[in-house]
Each structure stands twice: as structure tokens, then as C-alpha cells.
Amino acid sequence: MCAPEPCDDVAEMIRDPGRRRPLSRPFLSVIGVLALSALAAVAAPPDRSDESDLLAVRVAKAQKLVEKVRGISFRAPVASALLPEKELETVLAKKLVQDLPVPFEAYAGGLAALGLIEPSPGLLDRLTRLYTRQVVGFYDPAEKRFYIVPERSRDIAGPAGDLMEQLLLAHELTHALQDQRLGLDRRMKSLRDSTDSLLALQAFLEGEATVLMTEALVESVPEEAREALGADPLEQVLDGLDDPDGVDGADGVPSYFVRELVFPYAAGTAWVREKKAAGGWPAVDAAYRRLPTTTREILRPGVALPSRLRLAPTDRPTPQMVPGGGSASWADTLGEWVLGTLLEQAGAGEESRDAAAAWQDDRIVFSSPDAVPGARGVGFLWRIRAATPAGAARIASLLGPLYATRPAPARPRISVCGDIVEVVRSAVPPPPA
């Protein structure tokens, strides 16, 4: 077997499951085969001694690099710790479900009832394995601590190993800097009932970390070698980001989860890149005073959007409105990106994103009787406000094929009233005792 080239090593650098709702509440650094694959070849192989370097020393060095590139100082040192590889899967399995509104089976059942995924036994185990395959390190805002898996870190010890490690640390320590500025654990918990807002926040955070990491690469290579990076190194990053098929370990995992994992990197990096191009890091700092709150904003970098049309309070679903009832219920706002993804699942193809662009607001309430497991028992009421009645009618017509072949009572009913689409499915009551 041939030894990996330096560019192969750096390709392990950039991905993070970031904010999936709500399966990735912590920041887990999912370092997959994504971008920068051609960028590390310019790095001269430095002397390194992984066994003698203390993690705290490496983190302190990376903090200085982040401060230099970003122009902002950390308010305090970032705590760090080693997480042995043998403990990683157990830790991730706990983190992936700790903030779910209901047991995982009911949550996944809701996504299946809506049509975002197919019912699948053993899904949580496959998701855990997916994340376990990706993670080299992660910053946990709940603990204010950066963790690195030493066995995985040693795996990137190639000709450009030191550089890659510094870039990995720079990406994750950007999350620590963001946490010191925003209070991420508290902020994310305040958004736990909105996939849309959490995805938008995650996109901003991952976009900033990826842009900074790319600039840290340029800062770290010798000046005479920078020409090899090209006129726009970040363009090479973006070229490799929007590729769910490139995620290692995704076999058997519904594409929705994989695409949701990739979205914050691809769309978020493009959004932050546009901000920075327009006004440098000060323009990104200005975004901290008005963070993006919807994927509608993230999907249109640089566009000044008009105010959203919101659902009226009387149009927002409540648990009591879900036919069939049920004792376990949870609510969410899915947003434009999820709507577009669902329309793709419905077979709308290239129309899906254009139709989803009519999204203005939505609210969905799920209800799951305790005695009916999985998607079979889940009911929901979802109302989507579009920009116009024509936009609402188009969304409804494209959603129809997704549910047309389902047997009653599992088939959701779709109706349109003005600019509001309603999708409703009855909760299945438990069988007689």
C-alpha cells in the first residue's frame, strides 16, 4: 500500500456534525474527506514528536494562531482533554440523544411520518457509528472543553501532520472563541424547538470556523509556497464541501441526516465568505449583533431580505389540534432548507428549492401515543405560510406525490387556505388492551 500524500492527510480536516436538530447538540468535530485536499502539499514536513507534546501546549499554540488570524483575543484559556478512542462511541451515543424532546424511536418516527426518512431498525446505532467514524476531536460548549481522540490524532501524522493538527485545532478553537462571545450552550438550548434557527446558527458558526481555518492555512505555510494555494484557497474548500456522498461511514444512514450534517459547512461557509468579502472580519463581527435566524437567510448570502410573513397566533398548531391525540408531543419549526429537502424526497427535483423559496414561516406539532411505537403511531399537524397563495398551492401540489401511495390512516392530508399549507396526519391510538 502506498503511503498517503500530504494532500490526502489534509483532506481529513474539516467536518463537524454541527447543529442537526436535535441530534448533534454538542459541537462534534466530524473530520471527513471534504476540502483542502490539494492545499497541504505546499507545507514543508516539520519535525514533530506527538508523544512528547502535551495537548495543552498544542491548544495554547493554536489559540495564538486563531487570535492572530481572527484579530480577537480569547477571554480565557480553553480547557482540553484526551478522550480515548475506546470510549468515543459511548460518549457520542449519549450526546446524540441527550437533548431529544422524546425517546429516539418516537423522534425518528416523526421524521418518518413526515417523509424525511424511511423507518429503519437500528438507526441510532448506525448514526452513532457514522459520527464515531468521523470524529477526531470536538469542542463541547456544555463543558467548555476541547476533546481530542489521541489515536485519531496520531492517524493524521503524515508529512503535513503538524500543519493539519494546527488546522484542526484552529477550527475547533474557533468554536471555543464563539462560545466565549455568545454562550453557545445556553443559546442553543433556547432554540431547541426550531430546527430552522438551529441550522442557521450552526451554519454561521461552521462557516466562520471553516473560513478562519482556511486563512490559518495560508498564514501557516511559508510565504514562498503560498502561490501554490491559488488565488482563492477557500474556493477549493467550497468545491469539496457540498458532497454528502463523500461522508465516510454514511452507508445505511438516511440521506436526510447526512445532508443535514453537510449543510452548515457548505452553505455556512458561503454565507460567511460573502460577509467577509464585503467588509472583512468587521463585517462578520457585525453579524454577531444580528445572527442569522433562518436557513432562508443562509441560502441567500449577501441578499437583503424583506421581513418574513409570520403565522398568526391562531394559525400556529397546538398539541390539542393533532387528530387522534397522544400523550407524548413535541413541536418544531422546520424552515426553508428542510422544506426543500422534503420536496426533493417527494420527487420535485430541480423545482424543489425554487418552490421552497416561497417559505415564510412554519410550525409543526407531533403527537405519539405511548403504546404505539415508531412511525406507525405518530400524528402531526404542520402549517406552512408561503409568500403568496400561488406559492402555497405549488408547495402543496409538489408534496402530494410523497404521500399518495400511503395507505389510510397513515396518509397525511394536504390542504391550502390562502397562503397557508396544512399537512395533517392522525395519531394512531393504541390497540385495545
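The values are calculated or read from the model by the stated rules, or taken from the named source; none is laboratory data. Quick caveat, the model's predicted, so the values are computed rather than measured. Methodologically, a virtual Cβ is constructed for each residue, glycine included, from the backbone with ideal geometry; neighbour enumeration extends over all protein chains shown. What goes into the accessible areas is simple: the full protein's heavy atoms, side chains included, and nothing from ligands, DNA or RNA. Shrake-Rupley method; radii C 1.70, N 1.55, O 1.52, S 1.80 Å.
Summing Cβ point charges (Lys, Arg +1; Asp, Glu -1) relative to the Cα centre of segment 259-309 gives a dipole of roughly 100 debye.
Solvent exposure of segment 60-206, expressed per residue, is 37 Å² of accessible area, with all protein chains present and a 1.4 angstrom probe.
By its C-alpha gyration tensor, with a ≥ b ≥ c as the square roots of the eigenvalues, how is segment 241-348 shaped: rounded for a/c under 1.5, else prolate for a/b larger than b/c, else oblate? Note, shape of segment 241-348 comes out oblate. The simple Förster model, with R0 at 22 Å and r as the Cβ-Cβ distance, assigns Asp354 and Ala404 a FRET efficiency of 0.55. Between Ser220 and Ser255, the modelled labels are 3.4 nm apart [label points 7 Å from Cα along Cα→Cβ]. Label separation (Met321 vs Cys417): 0.8 nm, computed from points 7 Å beyond Cα along the C-beta direction. Ranked from largest, the principal axis spans of the Cα set of segment 67-140 equal 48, 29, 20 Å. When the pairs Lys68/Lys144; Lys86/Lys276; Lys68/Lys94; Lys68/Lys95 are compared against a 30 Å limit on Cα-Cα distance, Lys86/Lys276; Lys68/Lys94; Lys68/Lys95 fall above it. So for the pair Ala278, Lys64, with labels modelled 7 Å out along Cα→Cβ, what separation do we get in nm? Rounded to a tenth, the inter-label distance reads 3.6 nm.
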